[in-house]
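The values are calculated or read from the model by the stated rules, or taken from the named source; none is laboratory data. As the structure is a computational prediction, the values presented were derived from the model and not from experiment. The protein model used for the area step is the full one, side chains on, heavy atoms only, and it has no ligands, DNA or RNA in it. Shrake-Rupley method; radii C 1.70, N 1.55, O 1.52, S 1.80 Å.
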Amino acid sequence: MYRWLLVVFLALLLINSVTPWLQKLGFGRLPGDIRFRIFGREIFIPLTSTIILSIVCALIAKVI
């Protein structure tokens with residue numbers, strides 16, 4: 001269980017560190033990504049970006 005907790009923590013840390021770089025490439029502004037404002041808070045749901053990144057990760061995992 002601790003191993004999975006460590007993996008999830010490291011994955012979130014990696015995603016957080018590469019987010020500005022991914023936004024420069026256009027992730028987060030794709031047609032299926034939803035961004036709206038409710039009660040002064042901006043809500044962002046990156047559906048298309050998540051699917052594309054998931055496919056890329058699956059391809060990398062298959063090669064390795």
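Of note:
- With every protein chain in place, the chain: carbon and sulfur % of accessible area (1.4 Å): 74 percent
- The candidate values were (i) 11.7, 39; (ii) 14.2, 45; (iii) 14.8, 41; the one computed from these coordinates for Rg and Dmax of the Cα atoms in Å carries the label (ii).
- In Å², nearest 10: area of V63 left accessible to a 1.4 Å probe: 130 Å²
- The value of relative contact order for the chain, using C-alpha pairs under 8 Å at least six residues apart, is 20 percent.
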